[in-house]
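One structure below.
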Amino acid sequence: MLSSTVAPANLSNTAKGKEIFSECAKLKGVALRNANGTKKQSTDWYWFNYLEPQQPQKPQQPQKSQQAQKSKEPQRTQHLSSTLQHLIANMVHVEGGSVIYYGEEKWVSSFKIGKYEVTQEEWEAVMGKNPSYFKFPDSKKNPVESISWHDCNAFIGKLNRLTGMNFRLLKSLEWYYAARGGNKSRGFLFAGSDLIGEVAYYDGNSNKMTHKVGEKKANELGLYDMCGNVWEWCLDYEAGPLNQDGHIVRGGSCLFGYGACEVRYGIQSFSSFATRSDTGLRLALDD
């Protein structure tokens with residue numbers, strides 16, 4: 001920015017002063033004039049205080065659509081192993097809705113849920129080891145088990161650091177809503193059927209061991225093994241016997257019978273430190 005004052009005589013008559021004045025006048029775009037407004041005749045010049053010019057501003061780029069921005073964003077998961085990319089790709093959207101939950105109407109917000117129980121190979125990809133009891137050369141697609149509630153949260157914490165996402169355990173209400181089929185529910189006794197053998201590995205068909213996830217029929221939301229195979233740890237706290245630290249598990253398992261696998265009645269409370277060979281987890285994400 002430029003502003004004008006009368007220049008000191010000792011500077012305005014110097015070669016340097018004339019040079020600066022001429023340059024300032026050029027920048028300002030004004031004629032060189034005396035104080036009374038007539039054209040310059042002598043050394044009685046207007047002097048311009050010259051301030052450092054600002055850097056020219058870059059023209060604003062037009063805002064791109066959200067879709068275009070997303071397409072140019074680096075994929076934050078591209079550095080992950082194919083095992084973990086597969087895990088992320090298999091998170092299923094569950095549209096929110098209301099459900100009668102043990103006699104009370106409850107509202108469930110939309111969320112995402114794992115299509116499958118977390119497998120042994122997925123656990124090992126994050127934690128570097130496989131703690132499962134039912135561990136065989138071809139068991140990498142079996143659900144991970146022999147993990148406590150605290151182990152699950154350690155796994156989820158590390159998974160979140162690897163992916164930049166916010167996985168968590170399911171709430172018991174979310175589990176119930178999803179197992180029933182969400183807003184697509186047909187009211188089956190088990191998750192996806194009234195016939196347990198179609199949808200679950202339980203003590204009547206499992207040979208008392210876990211099996212590969214996804215081998216049985218899916219429920220209305222495309223979720224597998226919501227009943228049977230392994231119990232699934234939930235976020236919810238519930239005191240166990242002798243007021244021990246406990247959390248809810250849902251869905252029954254390969255070691256339990258028909259009744260434990262029913263969507264409505266498949267609920268227990270285990271010590272949060274228990275590591276059972278028929279207890280694993282399924283992941284959730286806020287939508």
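The values are calculated or read from the model by the stated rules, or taken from the named source; none is laboratory data. Bear in mind that the values here come from a model prediction, so they are computed numbers and not experimental data. Cβ: placed from backbone, ideal geometry, glycine included. Neighbour counts: every protein chain shown.
A quick yes/no check of all residues on (1) in contact with a Phe, Trp or Tyr (Cβ under 8 Å, 6 or more places away or on another chain); (2) crowded, with 20+ Cβ neighbours inside 10 Å; (3) in contact (Cβ under 8 Å) with a residue 60 or more places away in the chain:
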site	(1), (2), (3)
LYS135	no, no, no
LEU162	no, no, yes
TRP175	no, yes, yes
GLY181	yes, yes, no
ASP203	yes, no, no
VAL213	yes, yes, yes
ASN229	yes, yes, yes
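Return yes when ASN207 is assigned by TED's automatic domain parsing to the domain that holds SER98 and within 28 Å of the chain's Cα centre (by Cα) and no when it is not. No.
If only residues of region 164-173 that are in contact with an Asp or Glu (Cβ under 9 Å, 6 or more places away or on another chain) and not aliphatic (A, V, I, L, M) are counted, the one that is surrounded by the fewest Cβ atoms within 10 Å (Cβ to Cβ) is ASN166.
When residues of region 164-202 are filtered for being assigned to a loop (DSSP other than H, G, I, E, B) and among the small types (Gly, Ala, Ser), how many remain? Before the answer, list the steps.
Taking region 164-202 first, the residues assigned to a loop (DSSP other than H, G, I, E, B) are 164-166, 171, 181, 185-189, 191-192, 194-195, 200-202.
When the remaining residues are screened for being among the small types (Gly, Ala, Ser), the result is 164, 181, 185, 187, 191-192, 200.
Count: 7.
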